[in-house]
Amino acid sequence: MTPQQFAALATSMAMGYYGSPRRVSTGEMAAALGVPRTTFQQRRKSAEAKLMAALAPLILTRAELPPRGAKGRRMTPYA
């Protein structure tokens, strides 16, 4: 994760982006870091993807995976 991606993720957490309801807009966080909104969104999205990729092995080893559906695809619990 780049320092810029880390800053976007940390700012999102610190400013309440992941709360429910969200306490801050993407534009406000981008302004706090002095970058365009679209740049901030890209950095946060990349950071989230890298974080989830790092957590995936832990999550998958602890998860009770749903049965496979037609054509061998995993069936999602959200359907």
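All of the numbers you see were taken from the coordinates with simple rules; none came from a lab. All values reported here derive from a predicted model rather than from experimental measurement. Glycine also receives a Cβ, built like all others from the backbone with ideal geometry; neighbour counts cover every protein chain displayed.
All other residues whose Cβ lies under 14 angstrom from that of A32 are scored, Lys and Arg at +1 and Asp and Glu at -1, for a net of +3.
How large is Rg over Rh for segment 3-59, taking Rg from the Cα atoms and Rh as the Kirkwood inverse mean of 1/r across Cα pairs?
Working: Rg = 11.6 Å, Rh = 11.5 Å.
Looking at segment 3-59, the ratio lands at 1.00.
Taking Cβ atoms as reference points and 11 Å as the exclusive limit, the residues near L55 contribute a net charge of +1, counting Lys and Arg as +1 and Asp and Glu as -1.
Were the residues from K45 through M15 laid out at 0.36 nm apart, the gain over their Cα-Cα distance would be 9.2 nm. In this simple spin-label model, placing a label point 7 Å from the Cα along the Cα-to-Cβ direction at both R23 and Q4 gives a separation of 2.8 nm. Computed over neighbours whose Cβ is under 13 Å from that of Q5, the net charge equals +3, Lys and Arg +1, Asp and Glu -1.
Descending by average beta-carbon neighbour count within 10 Å, the peptides 39-47, 53-61 line up as 39-47, 53-61, the highest first.
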